Amino acid sequence: MGIWASDNRSGQVREALTMLLSQGVIDDFRIRPDEEFPFQVQVPAGLVPMTEHQAAHFALGATVAHFGRLARGGSDT
């Protein structure tokens, strides 16, 4: 059994961004399938347009940066 409710990469990227939003890691995101860079992620520096591939790597990096220390048993304080 996988961790994803979606069965395609686009849906999985959406789920990852939704998790990052709910944890306060990103400020917001939009997906506009008809645009060249359909994944638009809002961070304090501004709106960052990305391809699906870039958004998947962004989500992985943001998750590791945010939860990595906690996952290794460390403290964020």
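FYI, it's all coordinate maths here, none of it is from the lab. Predicted, not measured: the structure shown is a model, and the values here were computed from it.
Helix 52-71 and the long axis of the chain differ in direction by around 10°, with both axes built from C-alpha atoms.
Counting only helical runs of four or more DSSP H residues, what would the 222 nm mean residue ellipticity of the chain come to if each run contributes -39,500 (n - 2.57) and the total is spread over all its residues?
Details: 2 runs with 34 residues, N = 77.
The per-residue figure over the chain is -15000 deg cm²/dmol.
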